[in-house]
1. Condition first: in contact with a Gly (Cβ under 7 Å, 6 or more places away or on another chain) and within 16 Å of ligand 2 (Cβ to nearest atom). Now tell me which residues in the range 38-57 satisfy that.
2. Considering each of 110, 129 in turn, give the residue that is assigned to a helix (DSSP H, G or I) and touching an Asp or Glu at 6+ places or on another chain (Cβ under 7 Å).
3. Please find, within the range 118-133, the residue that is nearest to residue 179 (Cα to Cα) out of those that are away from ligand 1 (no atom under 14 Å from the Cβ) and open to solvent by less than 50 Å² (accessible area, probe 1.4 Å).
4. Being assigned to a helix (DSSP H, G or I), under 19 Å from residue 180 (Cβ atoms) and within 16 Å of ligand 2 (Cβ to nearest atom) narrows it down to one residue among 205, 232, 217, 222; which is it?
5. Go through the range 147-179 and count every residue that is in a helix (DSSP H, G or I) and among the small types (Gly, Ala, Ser).
6. If I go through the range 26-45 residue by residue, how many of them are over 12 Å from residue 68 (Cβ atoms) and open to solvent by 10 Å² or more (accessible area, probe 1.4 Å)?
7. Inspect the range 3-26 for any residue being part of a helix (DSSP H, G or I), at pLDDT 95 or above and over 15 Å from residue 232 (Cα atoms) and give the result as yes or no.
8. Considering only the range 80-107, state which residues are assigned to a helix (DSSP H, G or I), over 21 Å from residue 10 (Cα atoms) and hydrophobic (A, V, I, L, M, F, W, C).
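The values are calculated or read from the model by the stated rules, or taken from the named source; none is laboratory data. These figures come from a predicted structure and were not determined experimentally. Using ideal geometry, Cβ is built from the backbone for each residue, glycine included, and neighbour counts are taken over all protein chains shown. Accessible surface areas use protein heavy atoms only, side chains included; no ligands, DNA or RNA. Shrake-Rupley method; radii C 1.70, N 1.55, O 1.52, S 1.80 Å.
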Amino acid sequence: MSLPERVTIYEVGPRDGLQNEEAVVPAEVKVELIRRLLAAGLPVVEATSFVHPRWVPQLADAAQVMATLGEEGRALPVLVPNERGLDRALELGLRHVAVFGSATETFAQRNLNRSLDEQFAMFEPTVRRAREAGLDVRAYVSMCFGDPWEGAVPVEQVVSVGRRLLDLGASQLSLGDTIGVGTAGQVKQLIGAFGEAGVGTDLLAVHFHDTYGQALANAYSALQEGVTTFDASAGGLGGCPYAESATGNLATEDLVWMLTGLGVEHGVDLGAVVATSAWMAGHLGRPSPSAVVRALAPTVG
Ligand code: HMG
Ligand code: MG
């Protein structure tokens, strides 16, 4: 079986990771985390979220973090749920934003305070204005494999939400297993269903949380299907404060280890990411859940 020669790792630790930490990490530590991840060769680092600060107090310092990064931060993507979030990103001159839709009714209500249909009314002017301003827009689809309130999510429902987000003008869809329940066969099936709906793997990214220990197997399944963009979080930080039982993302280090073993190019310096995660674990006061970080942390500076 032929695998892609090279992939892009889309680092979400500073956003998805830190949004779910009980401790609020100081802005200067966030800035250093982002700088260290960029220096480790990660080509994309999602930096923060311009959501309502009451909904995600951990990222209430989004403007401060991006202003401190200055020019360096302009190319980094940030989450925006609506026009207010977009305005905040535009004020800082940012060039990449991501909207985040839900494949289920309940999670749309819990995460966005909107019905499944109403979320599109919120995203439509957000994506249109972002595109008019020349920004690149990524779109997430959450709860692609299962939802804590609704159970299994029909594949057609996920494809329909994804199609609508692309039709609004998003350039890439990131398929989120928000609560980490999906398994490798389902990943293959969902990617196949998108293909049949005219959405090829060039438009897809995968975003696996590791709640049930399936994230790496799911990433391998997506790789076999030809996906070339993989979301991951340094040290396996992460979760979603509005999704019961969501834990960390696929750890960047675990993904890098597998890709290196398979001979798939990724451009990331594993030792530098491990050292960053070990440093971050010190700030968070708990060890990284990543097996690769635990194996290698004692060996890096
Ligand atoms: P709402 O309460 O319905 O907002 O929340 P609203 O539109 O009714 O506005 C109410 C007030 O909030 C107004 O202020 C707005 O200006 C203000 P007032 O006029 O009353 O003074 N407001 C804002 N302020 C700052 N920034 C904003 C903003 N928007 C409105 N952007 C809203 C709706 C979408 C804002 C809220 O539900 C929200 O912020 N939700 C975000 C939840 C979140 O961040 N979840 C985690 C990210 S998603 C995730 O992790 C999943 C993912 O990783 C993929 C996966 O794993 O599947 C991406
Ligand atoms: Mg997530």
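1. 47, 51, listed by residue number.
2. 129 is the lone residue from the list that is assigned to a helix (DSSP H, G or I) and touching an Asp or Glu at 6+ places or on another chain (Cβ under 7 Å).
3. If we take residues in the range 118-133 being away from ligand 1 (no atom under 14 Å from the Cβ) and open to solvent by less than 50 Å² (accessible area, probe 1.4 Å), then 127 is nearest to residue 179 (Cα to Cα).
4. After applying the criteria, what remains is 222.
5. Qualifying residue count, the range 147-179: 2.
6. Looking only at that region, the number is 6.
7. No, the conditions are met nowhere in the range 3-26.
8. 90, 107
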